[in-house]
Amino acid sequence: MKAIVYHEFGGPEVLRLEEIDKPVPKDNQILVKVRALSVNPLDWHFMEGIPYIARPIAMGFLKPTVSQLGVDYAGTVEAVGKDVTEFKPGDEVYGNKFGAFAEYVVATSRALALKPATVSFEQAASLPVAALTALQALRDTGKIEAGQKVLINGASGGVGTFAVQIAKSFGAEVTGICSGRNVELVRSLGADHVIDYTKEDFTTRPERYDLIIDNVGSQPLAGFRRVLNPKGRYVAIGGGGVNDSRWTGPLINVVKMMTLKPFVTQEMKMMLAEMNKKDLDILVDLIQSGKLKPVIDKTYPFNQLPEAMRYLEEGHARGKVVVTVGDNIEPLTPPAIRSTDSASNPGPFLVAFKLVGVPLAILILPIIAAFILNRRFKRDHPDARGFRWGYYFSIMSIVAGLVIGLFFDGGIIAVLVCGLIYAVLAWFFAERHHWAWITLTILSFNPIAWIINAIYLWKRWTEPAAASATG
């Protein structure tokens, strides 16, 4: 069969149309002939290998560990294993399975459901990841209730268009955030209020919300907390978006939420959809009752799948982007090449260097500097005990100050202020002022440093004054 594969990370131009073995269903599997599929941010994350920090864990460090892409599809059952009783050949189905960019896919009944007769293959293929994410984010993570005020950031995208409609089906008062060209679309989906983010910053408005679904991460976490009720819930859709760092993705926001959680009454979580047949059937019920309708922005033929990926990755899709799969598949049409491709896709060895070399340098260079400073101190004070650990901790404290400034999204001024504060504390620390030592230990936010410094502090402070270091 024909399938879209890739053997290196990069833009849509790395995608290839190749002949691979047609899968054979096992006893508990179903073979589906794919008629339509949809593209998701998950697909281009794997295609480009971003965020880079995820490569060693899930994608492959220097090259992809898997060669096929795609997860959402709809089609016709061609064959079933002997243990399958829920489906039979000829059934029209839709579901979720990795490797869906192909003529055929094998699936299990866990992530497969019958397609409603009133829904096209294209509409059904748009449902699994985006619609289930919206449903589970609102119902399970957000604990939505009738009458609540719900804000949906990124209301015109794949998850957002489903989230607006599903939130309304729960009886919520919905506010959608989108660009001006999508205001009428979001309003037509049932949103009670629509805010054009190009004209107004919703985080400065007086309205407060019980639940926020954030699909795009376009605002600092502090901005969302400002418009969230004290007992409200903030749900970030996992996987990351076009606004996230290519190096860390949504990881920084996850760390921020975990850091803030003990100190705030608001509940903040990140979620990823969990595929299951029960929720796929719920989506069918919502569609048949008229409460949910897929929004499809563009439809491409299979040989233009790279262009579909390009369009989705630009971040301006209205609803879902769908690809049809016919019986006669033509050679791939190369996507339009962006002039920024080479700059935005560093080579594998540069990625490896930054993921491994930079963290090691941050750890090792201060050690080297500490030994140099300690040697100089010993030369000037031959009878005094050295201060290697003190110098190292001082240097790392300055680094920590800069990182904390970046962490709290305060801009360059906040970064410099944090770095300066830690640098001043580090200087007093090196001068062996007890208050600076205690302050820096606490502000390291590192329990291991607390233990090490408590031991080191006690040993150094109990030394006779004549034998201890004074600078």
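Among the residues of the stretch 159-174, which ones are open to solvent by 10 Å² or more (accessible area, probe 1.4 Å) and within 23 Å of Gly315 (Cα to Cα)?
The answer is Val159, Gln165.
Please specify each residue of the stretch 139-158 satisfying the condition of being assigned to a helix (DSSP H, G or I) and surrounded by fewer than 24 Cβ atoms within 10 Å (Cβ to Cβ).
Once the filter is applied, which keeps residues that are assigned to a helix (DSSP H, G or I) and surrounded by fewer than 24 Cβ atoms within 10 Å (Cβ to Cβ), the stretch 139-158 yields Arg139, Asp140, Thr141.
Which ones in the stretch 80-133 are out of contact with any Lys or Arg (no Cβ under 8 Å at 6 or more places or on another chain), among the polar types (S, T, N, Q) and part of a loop (DSSP other than H, G, I, E, B)?
Hits for the stretch 80-133 are Thr85, Thr108, Thr118, Ser120.
I'm checking my understanding of the structure. Among residues of the stretch 245-302 that are open to solvent by 60 Å² or more (accessible area, probe 1.4 Å) and of a type in the set (Phe, Trp, Tyr), which one is nearest to Gly232 (Cα to Cα)?
Filtering first and then ranking leaves Phe263.
Do we have Ile57 as more than 27 Å from Glu330 (Cβ to Cβ), without any contact (Cβ under 8 Å) to a residue 12 or more places away in the chain and open to solvent by 10 Å² or more (accessible area, probe 1.4 Å) here?
When the stated conditions are applied, Ile57 passes them.
All but one of (1) farther than 21 Å from Glu92 by Cα; (2) among the β-branched types (Val, Ile, Thr); (3) part of a loop (DSSP other than H, G, I, E, B) hold for Val24; state the number of the condition that does not hold.
It is condition (1) that Val24 fails.
Just to check your reading of the model, which residue among Ile50, Ile57 is in a loop (DSSP other than H, G, I, E, B) and of a type in the set (A, V, I, L, M, F, W, C)?
After ruling out the rest, the residue left standing is Ile50.
Against the conditions (1) part of a loop (DSSP other than H, G, I, E, B); (2) closer than 21 Å to Pro334 by Cβ, where does Ile4 fall short? Just the number, please.
Of the numbered conditions (1) part of a loop (DSSP other than H, G, I, E, B); (2) closer than 21 Å to Pro334 by Cβ, the odd one out for Ile4 is (1).
Which condition from (1) touching a residue at least 40 places away in the same chain (Cβ under 8 Å); (2) assigned to a loop (DSSP other than H, G, I, E, B); (3) closer than 22 Å to Glu18 by Cβ is the one that Ala317 breaks?
It is condition (3) that Ala317 fails.
Part of a helix (DSSP H, G or I) and in contact with a Cys (Cβ under 7 Å, 6 or more places away or on another chain): which single residue out of Val186, Val164 fits that description?
Val186
The values are calculated or read from the model by the stated rules, or taken from the named source; none is laboratory data. Please read all numbers here as calculations on a predicted model, not as lab measurements. Heads up, the Cβs are rebuilt from the backbone with ideal geometry, glycines too, and the neighbour counts pull from every protein chain shown. Quick note on the areas: whole protein, heavy atoms, side chains included, nothing else; ligands and nucleic acids left out. Shrake-Rupley method; radii C 1.70, N 1.55, O 1.52, S 1.80 Å.
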